[in-house]
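The values are calculated or read from the model by the stated rules, or taken from the named source; none is laboratory data. The model shown is predicted, which means the values in this text are computed figures rather than measured ones. Here Cβ is always computed from backbone atoms with ideal geometry, including for glycine, and neighbour counts include all displayed protein chains. Quick note on the areas: whole protein, heavy atoms, side chains included, nothing else; ligands and nucleic acids left out. Shrake-Rupley method; radii C 1.70, N 1.55, O 1.52, S 1.80 Å.
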Amino acid sequence: MDDIIIHIAEIKKRIQQACLKSNRDPQDIQLLLATKTVTPDRIKIALESGEVLIAENKVQELKEKFEALKNVPHTNHFIGHLQTNKIKDILKCDVTCIQSVDRIELAEKLHQRLSAENKTIEILIQVNTSFEESKFGVSPENTIELVKQIARLDTIKIKGLMTIGLFSAENEKVRKCFQLLQSLRQQIIALQLPNVEMKELSMGMSNDLEIAIEEGATIIRVGTAIFGQRIYPDSYYWNENT
Ligand SMILES: *Cc1c(COP(=O)(O)O)cnc(C)c1O
């Protein structure tokens, strides 16, 4: 059996165990495959084994793989930093949810383009819960204001929040990030804003998915633990300056 299939089974086990521990239903947690640097052939192995949700970080990579994966049923999310000049391209690639919206300028440009194309899109708001300068995302204190502003754009459907937890071996510091995201979600729910749903919490990756599930994740994003180590450092994907 292919390694990828074995690794997916291992992740399912980990999801199950984390759910047992926190008294949750594994059905409530979607596994998203983070496919940056992974070739279409390898992504296909995962999709043909029954996985459905994948996401890229770079529009260029998304475009390169789009044709090759067109005939394999799946859903595309986007989890990378999105530049406004790439909006046209991303809308051509059937992305159903942009998880990484973190500024009003981006949402406004997106709205303009969607209006022109008579389309709508789902988004999550990316929050920088680890307060690291190297990470994208709106700051926690500005999150609610951003949600309110974007809620006025009727082509954009806010479905929840996304974050990348702190990289740390200290689990309690990582947990704080996920608790912060959950707390923001609860605060936003309480506001009962029109055009805002707070169903999804996208948090947890290869190394911290158990903690994220314990804190309420509904989408976990896993790359390395399924496809193996990447050759590029993640800073290449996560930094403004690379
Ligand atoms: C790469 C990436 C992941 C997956 O990280 P792994 O540690 O490889 O599981 C999750 N979310 C985002 C935004 C990513 O860029």
Exercise. Could you say which residue among Asn142, Asn118 is on the phi > 0 side of the Ramachandran plot and of a type in the set (S, T, N, Q)?
Worked result: Asn118
For this session: State the number of residues belonging to the stretch 42-59 that are without any contact (Cβ under 8 Å) to a residue 24 or more places away in the chain and open to solvent by 10 Å² or more (accessible area, probe 1.4 Å).
Result: 2
Exercise. Among the residues of the stretch 188-206, is any in contact (Cβ under 8 Å) with a residue 12 or more places away in the chain, closer than 18 Å to Lys135 by Cβ and open to solvent by 10 Å² or more (accessible area, probe 1.4 Å)?
Worked result: yes
Seminar exercise, completed: Log entry, pairs with first residue in the stretch 3-28 being assigned to a helix (DSSP H, G or I), second being of a type in the set (Ser, Thr, Tyr), beta carbons closer than 8 Å, six or more apart or on different chains, reads Ile4/Ser49; Ile5/Ser49; Ile8/Ser49; Asp28/Thr218
Problem set entry | Looking only at the stretch 155-187, and only at residues there that are surrounded by fewer than 20 Cβ atoms within 10 Å (Cβ to Cβ) and of a type in the set (Ser, Thr, Tyr), the one that is farthest from the ligand (Cβ to nearest atom) | Thr155
Seminar exercise, completed: Flagged in the stretch 207-229 as closer than 20 Å to Asn128 by Cα and part of a helix (DSSP H, G or I), in numbering order, are Leu209, Glu210, Ile211, Ala212, Ile213, Glu214
Exercise. For the stretch 92-139, which residues satisfy the criterion of being under 22 Å from Leu184 (Cβ atoms), small (Gly, Ala, Ser) and open to solvent by 30 Å² or more (accessible area, probe 1.4 Å)?
Worked result: Ser134, Ser139
